[in-house]
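Below is one structure, written out as structure tokens, with a few remarks after it.
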Amino acid sequence: MLTIVIRVIIIYVITIIVMRLMGKRQIGEMEPFELVITLIIADLATIPMSDPTIPIWYGILPLLVIHIIHFFVVKLQCKSKTIRNILSGSPVIVISPTGIDYQKLKELDICKDELMELLRSKDVFDIKDIDYAILESSGKLSVVPKGEGKKVSL
Amino acid sequence: MKRWIVTVIIMLIITAAVIWEQTYVNQTFINLETKVNALIISVEACGDDNADTDENKALIADIEAYWLKHEQVLCYLVKHTETFQISDAISYAKNFIEFGNKEEVMSALHKLSYLGKVHSYNMGTSLENII
């Protein structure tokens, strides 16, 4: 039992270190590839926790390799818009001064009801109150209220 | 900048560990197979006599000591159930040399040789392991 206790503590500490190395991005809004990494990390860390016959490196090494991959992926996507679009997608303007872009909603597999739900979560209850609504690659909706005179560039 | 340094250090450590692991596993199993083959030749040389000779006992004791020493390190690298299979086979071979007949000894030694070949494959890096 003591073996398992010590293993859990070691893996917990290593996981925290790896998450810190990955930066605040992991803790804040996640891009799709970051969500994948977070899910994988959760699973990998538990592999050797409860089975003392599995070497502890079976949990620690994958965490470190994931960190390395994530490190380079983040650097690459900052340098290349193409890679960023492939990995994270690109933000999409779904509402503009001309109205709702239903074609874009169809491409995103979002129905109007879901869009209205996202708007309500941003305290927008009428689309006439906004100039632009942009669906970010993280799934968040950004809105530009009407009359603020802001221009949107992606 | 700090993150770069930490990441590069981690990469270097992993690279070194991977190379060391592969070398260590390969060498351990090559040496084990050499020792087992030497014992098999020695047992075959006994002819129809019992395999319970001082030479055979010394050879199996050497194999056992060698394996016990390296198993401790291998346990850091691979699942303990895999190393246990070889320990088990060595134990059988040792007991058969002492108490069994020649056929049982040869059977145990060939099983040990087979396990050594199979696990050197599993414990190291191979395309089949990766895919």
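Quick note: the coordinates plus some simple rules give every number you see, no bench work behind them. Model, not experiment: these values are computed from the prediction. Ideal geometry is used to build each Cβ from the backbone, glycine not excepted, and the neighbour counts take in all protein chains shown.
Some notes on this structure:
- Rounded to 10°, Cα long-axis angle of helix B:102-123 versus longest principal axis of chain B: 10 degrees
- Estimated distance in nm for a label pair at A:VAL5 and A:SER138, the labels positioned 7 Å out from Cα along Cα-to-Cβ: 3.9 nm
- The angle between the Cα long axis of helix B:80-99 and the main principal axis of chain B comes to about 20°, on a 0 to 90 degree scale.
- Free of any GluC sites (Glu not before Pro) that DSSP assigns to a loop and that have at most 14 other C-beta atoms within 10 Å, the longest stretch within chain A is A:30-147.
- Shape of the protein assembly as shown, Cα gyration tensor, a/c cut at 1.5: prolate
- Magnitude of the charge dipole for segment B:2-131, about its Cα centre and with charges confined to Cβ atoms of Lys, Arg (+1) and Asp, Glu (-1), is about 1020 debye.
- Exceedance of the 27 Å cut-off in Cα-Cα distance is limited, within the set A:LYS81/A:LYS112; B:LYS35/B:LYS79; B:LYS79/B:LYS111; B:LYS35/B:LYS102; A:LYS79/A:LYS106, to A:LYS81/A:LYS112; A:LYS79/A:LYS106.
- If you sort the three axes of the alpha carbon gyration tensor as a ≥ b ≥ c, you get a/c of 1.5 or more for segment A:2-87 and a/b above b/c, which makes it prolate.
- Positive dipole terminus of chain B, leading residue within B:HIS70, B:THR23, B:TYR121 (C-beta point charges): B:THR23
- Point-charge dipole on Cβ atoms (K/R +1, D/E -1) for chain A, about Cα centre, debye to 20: 600 debye
- Under the span-like rule (Cα at least 24 Å along the axis, Kyte-Doolittle mean at least 0.0), DSSP H helices of chain A: A:2-22, A:57-79
- Fewest-first ranking of B:ASP62, B:ASP54, A:ASP101, using other Cβ atoms within 10 Å as the exposure measure: B:ASP54, B:ASP62, A:ASP101
- Cα gyration tensor, segment A:91-145 - rounded (a/c under 1.5), prolate or oblate: rounded
- Magnitude of the charge dipole, segment A:91-145, Cβ model with Lys/Arg +1 and Asp/Glu -1, debye to 20: 40 debye
- Applying the criteria of a DSSP loop state and at most 13 other Cβ atoms within 10 Å to the chymotrypsin sites (Phe, Trp or Tyr not before Pro) of segment A:54-154 yields A:PHE125.
- Each of A:GLU107 and B:GLU44 was given a label point 7 Å from its Cα along the Cα-to-Cβ line. The distance between the two points is 7.2 nm.
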